[in-house]
Amino acid sequence: MSAGRKLTVRRVLLARRRVDPWILVGSMVGLGLLLSIGKVGFAFFAACGIYLALVRPRSWRAAPPAFTISILAWASWQIGLSLLRGEPIAGNRTLSYAGIELAVAFLPMGLALVRDPIGALANGARIGLACLAVVAPVAFLAGEDRVGLGGNEAIFAFVIGVVALAARLTVRDPKRWLPNARWWSYLVVVPVLLSGTRAAFVIVLLVMAADAISLARGRRPIWLRGARGILGATILTLSLGITAALIVENRISAGIDEYQTFERTGVAAGSVDTRIVMWSAGWQVLREHPLLGVGGTHRMEAAGQKAGRNGFMVTYYQHLHNVFLDEALSSGLISVAFQIATFAAFLTTFWRAPSRPRLQSTAVLLVVFFAIFGSFHGVLLNEWTLISLFGVMSCMLTDARRKALRR
């Protein structure tokens, strides 16, 4: 390589060291507001990671070993099995989203020029939540019965839940107007409630439980330090509690009514009773095809055939609204094992190695939120949810891997 070319490459890299952190910040802001810039930003880092993995093999050292092996095996299994079955490529959600999971393995390498991925991640999440706290109520007042910012309400609720957890991470040198504080997560309360997504209510409970445990251990959150903080938190809790109680009560009552009607008539007509029919039919299919499933392009048809007169309600949807059952019917229990191994590798990274407590608690909250929410929705069958979840996980893993290499 000529001296002039070396100098040009060096200038580009030096410029990117200043630019890449802001790309990550912008990506998190975009995710919080469901703007496409969020997906584009993470796609950029994945593309950079793939390039480095191919042209500079030493870059693989930046990849967290256990997580990378697990997610590569998981994605490869899904893609390989689908191709061997001869499933069509066009409209094949299994192939599309397994491709995203495959790209995720290269994100830690693509973040090489982001000096502090945790800082950029958390700051972007905080800015996004601050904007969302204004945008979501405005959207509701503008006439949206369930706020989704133009998208699916459940997807919106999951993505902002992940963003809220990322905002809890500790930044090394926080800006005065973006301090390290757990109250950032509570900015998601109103948007989650306005989304009307019952499964997303759990994110609020998880955050409150985490702070309650911290209080019990004597580590009071910063927003509860002092009499003013306690008074402010109490007033805020009471104000939000009254509104939340009404919204939650309405959503739960609607679910109970659906179930009671289903028991009387045997006909599914809502979201709760349709899920019951889906899961029952899906379980029947799984018992007949446990190891390899029936394929992502055939699972809904197979479940619909087992649902009897409610089959039309099952085939109306594109997934079974259960992340584990969807995975099992698409690619078998072997794929579910790879799926579990991937998340176990993520947790183990923070559990075994010396780490900051906030990283450990956030890792646990992310996986628990994924498991609970995913029990009612197809979390791994949408690009927004995939990118938000694995994007945050990859940034956390990148930080942990760098610390491990330094040690």
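The values are calculated or read from the model by the stated rules, or taken from the named source; none is laboratory data. Just so it is clear, the structure is predicted and the values come from calculations on it, not from any experiment. With ideal geometry, Cβ positions are generated from the backbone for all residues, glycine too; neighbour counts draw on all protein chains shown. Remember, those area values only see protein heavy atoms, side chains included, never the ligands or the DNA or RNA. Shrake-Rupley method; radii C 1.70, N 1.55, O 1.52, S 1.80 Å.
Among the residues making up segment 367-407, a single one is of a type in the set (D, E, K, R) and not in a helix (DSSP H, G or I): Arg407.
The single condition from (1) under 30 Å from Gly80 (Cβ atoms); (2) in contact (Cβ under 8 Å) with a residue 60 or more places away in the chain; (3) in contact with a helix residue (DSSP H, G or I) (Cβ under 9 Å, 6 or more places away or on another chain) that Leu102 fails is (2). Within the set of pairs 6+ apart or on separate chains, which have a first residue in segment 52-77 that is β-branched (Val, Ile, Thr) and at pLDDT 95 or above, a second that is open to solvent by 90 Å² or more (accessible area, probe 1.4 Å) and not in a helix (DSSP H, G or I), and C-beta atoms under 6 Å apart? Nothing qualifies.
Just so you know, in segment 92-146 the residues that are of a type in the set (D, E, K, R) and over 20 Å from Gly38 (Cα atoms) include one that is modelled with the highest pLDDT, and it is Arg93. So is Val364 open to solvent by less than 10 Å² (accessible area, probe 1.4 Å) and either more than 25 Å from Asn152 (Cβ to Cβ) or part of a helix (DSSP H, G or I) (or both) or not? Answer is no for this residue.
Under the condition of being in a loop (DSSP other than H, G, I, E, B) and not hydroxyl-bearing (Ser, Thr, Tyr), the residues counted in segment 140-176 number 20.
When Ala125, Ala130 are screened for being surrounded by 21 or more Cβ atoms within 10 Å (Cβ to Cβ), in contact (Cβ under 8 Å) with a residue 24 or more places away in the chain and outside any loop (DSSP other than H, G, I, E, B), only Ala125 passes. The residues in segment 11-35 that are open to solvent by 70 Å² or more (accessible area, probe 1.4 Å) and within 23 Å of Ala157 (Cβ to Cβ) can be counted, and the count is 1.
Of all the criteria given as (1) buried (at least 22 other Cβ atoms within 10 Å of the Cβ); (2) closer than 23 Å to Trp384 by Cβ, the one not satisfied by Gly119 is (2). Quick check on segment 36-92: of everything there that is aromatic (Phe, Trp, Tyr) and touching a Ser or Thr at 6+ places or on another chain (Cβ under 6 Å), which residue is most open to solvent (accessible area, probe 1.4 Å)? Step by step, filter segment 36-92, then rank; the result is Trp77.
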